[in-house]
Amino acid sequence: MNRIDVKRRNVLDHRKKQFADPLYKEAQYPHRLNFYATPPTADITLEQFEQWAIDRLRVLAELEACSFRNKTPAETAAHMKPLLDKYLPLDASSSASQLLHAQRQKDHYSHFILRLAFASTEDLRRRFARVETMLFRLRFQTDDSRERAAFVRTLNLDWEAVSDEEKRELAPQLASTITFSGGHGGGKRAPQVLDEDWLKVDWMRVPDLVESRRVYVRAGMAYVPGREQQSMVLNAFTKRLEEALELTARALPRLDEDDRLTPILNHLSKNFIAPDAGYSGSGAPIEGAEITARNIDNLSQHFPMCMTHLHRSLRRDAHLKHYGRLQYTLFLKGIGLSLEECLVFWRSAFSRITDDTFNKEYRYNVRHTYGDVGGDANRRSGGYSPYSCQKILTEHAPGPGEAHGCPYRHFSPENLATMLRACGVTDRAVLEGVAEDTKSQKYHMACNRVFEHLHKSEIKRAKDEGIMTAAQLETIVHPNEYFKRSYLLKNMDGKLHKEKGDVKMEG
Amino acid sequence: MVEAGEVRGLEVSKQTPEPPTAQTAKDEDMCVEIKQESKAEIKLEDLFAGIDSDDDEFSTSGNPLNSKEHRDDDAQNTSIELLRIYYQRFFPWRYMFQWLNHSPVPTKDFKHREFSLWLHNDAVMRYQSYTTSDLFRKDVLRLMPRRIEIGPVYTADPRDRKTFRTASAFQPMAKELCFDIDLTDYDDIRTCCDKANICHKCWRFTTMAIKVIDTALREDFGYNHILWVYSGRRGVHAWVCDKRARALKDNHRKAITAYFEVVTGKQGGKRVNIRRPLHPHLSRSIDILKDHFQRDVLETQDPWKTSEKADYLLQQIPDLKLREALRKKWESFPGRTSALKWADIDALAQTDASATLDPKDLLDAKQDIVIEHTYPRLDTAVSQKLNHLLKSPFVIHPGTGRVCVPIDRNNLDGFDPLNVPTLQGLIREIEAWTEADGAAAAMAAVEVSGSSGQDVKPLQDWEKTSLKPYIEYFRSFVTTLMKAEREAVLKRERDEDDEVPVKVESLDF
Ligand SMILES: [Zn+2]
């Protein structure tokens, strides 16, 4: 019957039997969408295990990259389509494709394999739940509307349509919540209460909408605009997945009985880290640029706010705390500052300490960062990679007295505005845009907005004269990319001929 | 070969979840010394889980009953003796039992409920529980706690909690949804008092808060059984006792708390940040609050009397020109009252109509100001956790000697926190009570009921004192609650009879 599942066995290991679903049965996949409520129980080969997981991982990593680049949903969908078709196709039930079962089984299994691979740490769990939700959303949006409705019905989400009569009765209250949801208003015609489908649902089903006062609540029922249905389904998806991952994490120790899986799972989770690194750690200097310790003050005009803040704090205090030193050293390494110059830079910057103290407490760390000392692995890999925005945004939020982190994320709005003004950003519209971006947690957007403002004329020229392609001007997601692009834009004249030549060569 | 390459299904079983923090603390002794903060194995946060901010027992000043330095053995013995009389003769044991038990016969709701007793030697006994109201009373009389706290109902008897091998066998499962309002959180806007002090003027903030929260709990969330209790000094607690509220999980408690939380942010910065159009809960709250703002804030508190405070007000005016016009006017009238300053805003906005002023911005800013000065400020920690303990109603506040009495929400304006019964006062009242009073009361009862004097029950001691209206209010609250609870049970039984068995696809994974 089922050609994929060649090695299905009826005898279960007794140790697993006690944990297995008592309703053990071959999975049926009546819907294209899957909430992954039931773990797979049939057997697959080790090769399938690995290949399916890698295929899914490709898709997820690319989706994550799209979100780092702030692609719009439409851009993301367009970008992802060929990848999905290749690695994780899912046809509609109506297609009557021969492959339906195989596709859905692969989707089902690969999800659960990655669950095992990414359950181990909280950070991985959070990222996994996030990208899986993105994948689900993509598929939810492209699902045939009738099939989607049928799928949603199986979720048992318990909502009820609001009658026209009740809509009229509650029109003023509903009107005040209608703009909260779905899109950003966009200046288009305000949606009308009566045109909208409203769902009435126990408020406990949508605690996040209640918490943020995005829905009208009466007598224990929340009134949710119909187009929030998607967000309710997605919420349920994320929530259930997060809960399941917690359970998986606790059950992980029991899986080590199968030591064939452990290396594969470890390998998978390491690969998931990879797409974030983003910027080569080698730090080849930009040709013609003087990347030396004594020129850093001058170069700092090209730094993004995070590094400007570190640089200024260092100059002010003649000191930086641990994470600040780490973030800054890696950045300097990334712009091409050599180890020797870097040691000179830090030695002179820490002007209030003796050589002895410097050598004892700081020198080693700088060398380690460059891969000059430390274990084999560290030396072979050339030390650490410069931090990407994602890493700076999500790891080690700065505490009092610490200067690392991302100002767009970690500063109060007032302090951020003060700093931006001090760095020459005085345009009201830009400052307001930044405030808006940071409020909606789009820190990349804020940073890129500032970049575009500070390099407005150069970008225009670079585009007009074809010096840089659109791809070279894509959203910045790495502080070192910020530096490089800023430097190149501001030094177009010196570099003009060469750069132009390069671009033309690539044609 | 292929055999070796097989991978069995990836099922992952549910395992026991981590125990909540309340049980992970190694409280090796039932009796945990408060003083032992340095003992590593005792989690401080656990010890203090139930301390709400209204109680100053540990502050060093003004507390003759409990402050260590001032403690005088005689005084303490006297106070323990008075407390004994209170627990013996005044504390409403029966109604307390019914309140927590929801039924006349002891159920798990009562038997598995955690009580925590704070003793005079500064020890706290957590995880106490009682199978009957009488055992509860006896234990309290034996130990004479100066404070009793109420925690959640657990899946098992809290006294047996150490006998379970898995944490899932002992979990908190229900507790009233609680709110805590404390006037110290209003210190930046009250001008009459600060810190632990209160007067009738600033008590108005509490009254406003109760109106807003009570209304929203009823209208928005559909809760009906909300008990407001004076915390004995400078705040109030709400106990939402509906069955549905008692069963709320932490994430839902957190959601409701955030729904109510509006005045946030640091002092000195902008403290109100709300979307427009206003959410229905906020526009309704402003309707409730605007008269209070005029009367109890502008006229009574006069919050922007000083030029420093007026500056803070000016910062929130959205238009530069209007701001400057107001500043000039107020500088030429030093000491201009807040009510007049408030009126100036509209007046100058009209006359000196600034071309750049958007009337909508001004209205929004004014609404924000009204909210900042009237909207409830909650101590959110109390509301968010199912296993948070809260001081029981009817205990004596050790600092003020006042009884923590319930507040009748239909007569909020009639509640006077400075005039509630006190421990000493009750003792005096009962000593002054004479048979003559009793006879007069009996006569009155006969007249009212029209029955013969013989089946008039002898008066209970609390009925002879100023505690009477508060216990009567509590009794009627409890009666209503029990009735609703009984009806719910009956309805469920009816529904079960009618029920057609349906196979519900399990969605938990
Ligand atoms: Zn006062």
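If you go through segment A:215-250 and keep only what is closer than 13 Å to A:ARG115 by Cβ, more than 7 Å from chain B (Cβ to nearest Cβ) and not small (Gly, Ala, Ser), you end up with A:LEU241, A:GLU242, A:GLU243, A:LEU245, A:GLU246.
Residues in segment B:110-122 that are among the acidic types (Asp, Glu) and within 20 Å of B:LYS138 (Cβ to Cβ): B:GLU114 only.
Scanning segment B:170-184 for residues that are away from the ligand (no atom under 13 Å from the Cβ) and either over 15 Å from B:ILE210 (Cα atoms) or within 14 Å of another protein chain (Cβ to nearest Cβ) (or both) yields B:PHE170, B:GLN171, B:PRO172, B:MET173, B:ALA174, B:LYS175, B:GLU176, B:LEU177. Screening A:VAL201 on (1) more than 10 Å from every other protein chain (Cβ to nearest Cβ); (2) modelled with pLDDT of 90 or more; (3) over 28 Å from B:THR380 (Cα atoms) shows it passes everything except condition (3).
Here's the yes/no breakdown for (1) at the interface with chain A (Cβ under 10 Å from one of its Cβ atoms); (2) assigned to a strand (DSSP E or B); (3) touching an Asp or Glu at 6+ places or on another chain (Cβ under 8 Å):
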{"residue": "B:ARG165", "(1), (2), (3)": "no, no, no"}
{"residue": "B:ARG218", "(1), (2), (3)": "yes, no, no"}
{"residue": "B:VAL229", "(1), (2), (3)": "no, yes, no"}
{"residue": "B:GLY232", "(1), (2), (3)": "no, no, yes"}
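Of the residues B:ASN224, B:ASN197, the single one that is more than 16 Å from the ligand (Cβ to nearest atom), surrounded by fewer than 18 Cβ atoms within 10 Å (Cβ to Cβ), under 21 Å from the mean Cα position of the chain (by Cα) and not in a helix (DSSP H, G or I) is B:ASN224. Across segment A:163-189, the qualifying residues are those that are in a loop (DSSP other than H, G, I, E, B) and either at the interface with chain B (Cβ under 10 Å from one of its Cβ atoms) or within 27 Å of B:PHE260 (Cα to Cα) (or both), and the one among them that is modelled with the highest pLDDT is A:LEU170. Selection of helices (runs of 4 or more DSSP H) fully inside segment A:432-507 by the criterion of at least 2 residues being modelled with pLDDT of 80 or more and more than 27 Å from the chain's Cα centre (by Cα) returns A:456-464, A:479-490.
Results for (1) buried (at least 18 other Cβ atoms within 10 Å of the Cβ); (2) closer than 25 Å to A:LEU337 by Cβ; (3) without any contact (Cβ under 8 Å) to a residue 60 or more places away in the chain, shown as yes or no for each residue.
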position	(1), (2), (3)
A:ALA446	yes, no, yes
A:VAL450	yes, yes, no
A:HIS453	yes, no, yes
A:LYS460	no, no, yes
A:GLY466	no, no, yes
A:TYR482	yes, yes, no
A:SER486	yes, yes, no
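From the list B:ARG204, B:ARG159, exactly one residue is outside any loop (DSSP other than H, G, I, E, B) and within 11 Å of the ligand (Cβ to nearest atom). Which is it? None of the others qualify; the one that does is B:ARG204.
Look at (1) more than 9 Å from chain A (Cβ to nearest Cβ); (2) under 24 Å from B:LEU217 (Cβ atoms); (3) small (Gly, Ala, Ser) and you find that B:SER283 fails only one, number (1). Check segment B:262-275 and report whether any residue there is of a type in the set (A, V, I, L, M), within 10 Å of another protein chain (Cβ to nearest Cβ), more than 30 Å from B:THR479 (Cβ to Cβ) and in contact with a Phe, Trp or Tyr (Cβ under 6 Å, 6 or more places away or on another chain). Yes: segment B:262-275 contains one or more residues that are of a type in the set (A, V, I, L, M), within 10 Å of another protein chain (Cβ to nearest Cβ), more than 30 Å from B:THR479 (Cβ to Cβ) and in contact with a Phe, Trp or Tyr (Cβ under 6 Å, 6 or more places away or on another chain). Looking at A:LYS71, A:LYS106, A:LYS16, which is the one that is at pLDDT 90 or above and assigned by TED's automatic domain parsing to the domain that holds A:ARG260? The unique qualifying residue is A:LYS106.
Only one of the numbered conditions (1) over 26 Å from B:THR479 (Cβ atoms); (2) within 16 Å of the ligand (Cβ to nearest atom) is not met by B:ASP250, and that is (2). Residue pairs whose Cβ atoms lie under 6 Å apart, separated by 6 or more positions or on different chains, with the first residue in segment B:167-191 and farther than 22 Å from B:SER392 by Cβ and the second basic (Lys, Arg) and within 16 Å of the ligand (Cβ to nearest atom), are B:ASP185/B:ARG377. Being at pLDDT below 80, of a type outside the set (Phe, Trp, Tyr) and more than 30 Å from A:THR418 (Cα to Cα) is a condition met by at least one residue of segment A:288-311. Comparison of A:SER110, A:SER120 shows that the only residue that is within 14 Å of chain B (Cβ to nearest Cβ) and not in a helix (DSSP H, G or I) is A:SER120.
The values are calculated or read from the model by the stated rules, or taken from the named source; none is laboratory data. Here the structure is a predicted model, which means the values were calculated and not measured. Please note: Cβ atoms are built from the backbone with ideal geometry, for glycine as well, and neighbour counts cover all protein chains shown.
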